[in-house]
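The values are calculated or read from the model by the stated rules, or taken from the named source; none is laboratory data. Worth saying up front: this structure is predicted, and the values here are computed from it rather than measured. Cβ placement follows ideal geometry from the backbone for every residue including glycine, while neighbour counts extend to all protein chains displayed. When the accessible area is computed, the model is the full protein with side chains, heavy atoms only, and any ligands, DNA or RNA have been set aside. Shrake-Rupley method; radii C 1.70, N 1.55, O 1.52, S 1.80 Å.
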Amino acid sequence: MSFDVLQDKIRAMKNPTVFGLDPRLEQIPPHILAQAFESHGETLSGAAQALLEFNKGLIDALCDIVPAVKPQAAYYERLGWRGMEVLERTITYAKGKGMFTIADIKRGDIGTTAQAYSDGWLGGVQVGKQICKTFDADCVTLNGYMGSDSINPFLDTCRAEDKCVFVLVKTSNPSSGDLQDLVAGDRVVYTVMGDLTQRLGKGTEGKYGFTCAGAVVGATYPSDLRQLRRRLEQTFFLVPGYGAQGGTAEDVQYAFNKYGHGAIINASRSIMCAWQKTGGDGTDYRQAARDAAIAMREEIKQFVTVV
């Protein structure tokens, strides 16, 4: 299944990381903004053009050392249809550069609505006699706290299209414990969600042993991360919270199995905004992002060996 594709890329690069593309205008170098505004004015079209150029530059700089990219849909939705076009073009561009694409959409609805989301983001839309692809990401993030009805339509698409999902299980935000740490019978809620995710993916195991239903487990709670890795042996982990949110390389080591497989660590601001710490004018943003991504890879290598 699709997590085999991701694990193959991780092994080839010896780098179990993904960089998040969550750009705001104030994080884009001034020269890119100036060029976009000169062509399109200080308009939504100008903002969208700046995002696209920034994204393409980062992808060019990182595609040979980082296996995956994770654009967060909210930063594109805020620009309306222009931003969503940028998101679609960003995914297409990244795939063209050989990157695994994770659309961070956190959708959580049921029935035909969930199926419509799945069609748009992973599968395709029936138009007359043809199936037309839209975003065509390799993977999406989901909020499964409405139960299996909010996950199964996506898993049906995953089976048909050889794709995969990450379901929110134990998230990195400080208030995650308001719900996820509550006791439910003899388990806490986040373990209930983890067990459900692994159970729903059963039968889709690939060559590395992971199902097409992965889990989002934050780096900011390393003891929970370790417990879930032991509990969910067939579940691939997406681990946010590294870097700006406080998660460290020592913390994220618990996401991996004994072969250094089964997890990918996300960093967004620390890579995307690295140019803001160089003292330059932003024209070095590609090199700054590359240096930050390499530093992250080397930090994780101190604790995790990918074989």
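Quick test for you: out of Asp104, Asp138, pick the one residue that is modelled with pLDDT of 95 or more, acidic (Asp, Glu), under 18 Å from the mean Cα position of the chain (by Cα) and under 25 Å from Ser45 (Cα atoms).
Asp104
For residues that are among the hydrophobic types (A, V, I, L, M, F, W, C), farther than 23 Å from Ala292 by Cα and not in a loop (DSSP other than H, G, I, E, B), scanning just the stretch 1-59, find the one that is most open to solvent (accessible area, probe 1.4 Å).
Taking the candidates together, the pick is Leu44.
If Tyr117 meets every condition in (1) touching a residue at least 60 places away in the same chain (Cβ under 8 Å); (2) in contact with a Lys or Arg (Cβ under 7 Å, 6 or more places away or on another chain); (3) open to solvent by 60 Å² or more (accessible area, probe 1.4 Å) apart from one, which number is that one?
For Tyr117, the failing item is (1).
Has the stretch 82-104 got at least one residue that is in contact with a strand residue (DSSP E or B) (Cβ under 6 Å, 6 or more places away or on another chain), more than 20 Å from Glu205 (Cβ to Cβ), assigned to a loop (DSSP other than H, G, I, E, B) and in contact (Cβ under 8 Å) with a residue 40 or more places away in the chain?
yes
What's the total number of residues in the stretch 124-140 that are surrounded by 12 or more Cβ atoms within 10 Å (Cβ to Cβ), in a strand (DSSP E or B) and either free of Cβ contacts under 8 Å to residues at least 12 places away in the same chain or not β-branched (Val, Ile, Thr) (or both)?
So the answer is 2.
Go through the stretch 252-293 and give me each residue that's touching a residue at least 12 places away in the same chain (Cβ under 8 Å) and of a type in the set (D, E, K, R).
Arg269, Asp281, Arg286, Arg290, Asp291 - these are the residues of the stretch 252-293 that are touching a residue at least 12 places away in the same chain (Cβ under 8 Å) and of a type in the set (D, E, K, R).
Could you please give the count of residues in the stretch 163-199 that are without any contact (Cβ under 8 Å) to a residue 24 or more places away in the chain, in a helix (DSSP H, G or I) and charged (D, E, K, R)?
2
Tell me which residues, restricted to the stretch 30-49, are farther than 16 Å from Val86 by Cβ and in contact with an Asp or Glu (Cβ under 9 Å, 6 or more places away or on another chain).
Pro30, His31
Among the residues of the stretch 276-307, write down those that are of a type outside the set (Lys, Arg), assigned to a helix (DSSP H, G or I) and open to solvent by 40 Å² or more (accessible area, probe 1.4 Å).
Gln276, Gln287, Asp291, Ile294, Ala295, Glu298, Glu299
Restricting attention to the stretch 141-152, report how many residues are more than 19 Å from the chain's Cα centre (by Cα) and crowded, with 24+ Cβ neighbours inside 10 Å.
The number of residues fulfilling the criteria is 0.
What number of residues within the stretch 200-214 satisfy the criterion of being surrounded by fewer than 22 Cβ atoms within 10 Å (Cβ to Cβ), of a type outside the set (Val, Ile, Thr), at negative phi and in a loop (DSSP other than H, G, I, E, B)?
5
Among the numbered criteria (1) within 18 Å of the chain's Cα centre (by Cα); (2) buried (at least 22 other Cβ atoms within 10 Å of the Cβ), which single criterion is violated by Cys273?
(2)
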